[in-house]
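Enquirer: Quick one: this structure, given as structure tokens, is what I'll be asking you about.
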Amino acid sequence: MTDPQTILELEAATFRKLRDFLREHTEVQNIDLMNLAGFCRNCLAKWYRAEAEALGATLDYEEARELIYGMPYAQWREQYQRESTPSQQAAFDHRPGPKVPG
């Protein structure tokens, strides 16, 4: 399959499924994502914002985070974010590569 429009639509639909999965599974903490996959919801928001800017659109980081989280970040954090455990933090501190992808 090489039709660029079909590929674009498939990629967009796949991204929406990932976004929606992360919205539904609030028990999955960002530090868990970082430790396992090397990215988190905040990384997705940064990438979203960067791509918007590359297309000439204005989107600030907080707006991008709201698009990813499905609510203002402060609200998500208050409702769902837990303190990281010592083992989560140790795994984060000792994982290879950059700590936050850009």
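Enquirer: Restricting the search to the range 79-98, which residues are in contact (Cβ under 8 Å) with a residue 24 or more places away in the chain and not in a loop (DSSP other than H, G, I, E, B)?
Expert: 79, 80, 88, 89, 91, 92 - these are the residues of the range 79-98 that are in contact (Cβ under 8 Å) with a residue 24 or more places away in the chain and not in a loop (DSSP other than H, G, I, E, B).
Enquirer: Right, another one. For the condition closer than 21 Å to residue 89 by Cα and under 12 Å from the mean Cα position of the chain (by Cα), what is the one hit in 45, 37?
Expert: 37
Enquirer: Any residue at all in the range 68-78 that's free of Cβ contacts under 8 Å to residues at least 12 places away in the same chain, part of a helix (DSSP H, G or I) and of a type in the set (Lys, Arg)?
Expert: Within the range 68-78, one or more residues are free of Cβ contacts under 8 Å to residues at least 12 places away in the same chain, part of a helix (DSSP H, G or I) and of a type in the set (Lys, Arg).
Enquirer: List, please: which pairs have Cβ atoms under 6 Å, are six or more places apart or on different chains, and start with a residue in the range 43-64 that is part of a loop (DSSP other than H, G, I, E, B) and end with one that is aliphatic (A, V, I, L, M)?
Expert: 59/52
Enquirer: Then there's this: Report, ordered by the first and then the second residue, all pairs with beta carbons closer than 9 Å, sequence separation of six or more or different chains, a first member in the range 1-15 that is assigned to a helix (DSSP H, G or I), and a second member that is at pLDDT below 95.
Expert: Here the result reads 7/1; 10/1, each pair linking the range 1-15 to a residue that is at pLDDT below 95.
Enquirer: Report whether or not residue 31 is in contact with a Ser or Thr (Cβ under 6 Å, 6 or more places away or on another chain) and either assigned to a helix (DSSP H, G or I) or surrounded by 12 or more Cβ atoms within 10 Å (Cβ to Cβ) (or both). It would help to see each step written out before you state the result.
Expert: Working: in contact with a Ser or Thr (Cβ under 6 Å, 6 or more places away or on another chain): yes; either assigned to a helix (DSSP H, G or I) or surrounded by 12 or more Cβ atoms within 10 Å (Cβ to Cβ) (or both): yes.
For residue 31, the condition - in contact with a Ser or Thr (Cβ under 6 Å, 6 or more places away or on another chain) and either assigned to a helix (DSSP H, G or I) or surrounded by 12 or more Cβ atoms within 10 Å (Cβ to Cβ) (or both) - is met.
Enquirer: Can I ask one more? If only one of 2, 14 is modelled with pLDDT under 95, β-branched (Val, Ile, Thr) and surrounded by fewer than 12 Cβ atoms within 10 Å (Cβ to Cβ), which one is it? Can you show your working first?
Expert: On the way: 14 fails: modelled with pLDDT under 95.
When all the criteria are applied, what remains is 2.
Enquirer: Restricting the search to the range 19-28, which residues are surrounded by 12 or more Cβ atoms within 10 Å (Cβ to Cβ), assigned to a helix (DSSP H, G or I) and either without any contact (Cβ under 8 Å) to a residue 24 or more places away in the chain or among the aliphatic types (A, V, I, L, M) (or both)? If you could, list the steps in order and put the result at the bottom.
Expert: To start, the set of residues in the range 19-28 that are surrounded by 12 or more Cβ atoms within 10 Å (Cβ to Cβ) comprises 19, 22-23, 26, 28.
In the following step, the residues that additionally are assigned to a helix (DSSP H, G or I) were identified as 19, 22-23.
The answer is 22, and nothing else.
The values are calculated or read from the model by the stated rules, or taken from the named source; none is laboratory data. Only a predicted model underlies this, so the values are computations on that prediction, with no experimental measurement involved. Backbone-built Cβ (ideal geometry, glycine too); neighbour counts: all protein chains shown.
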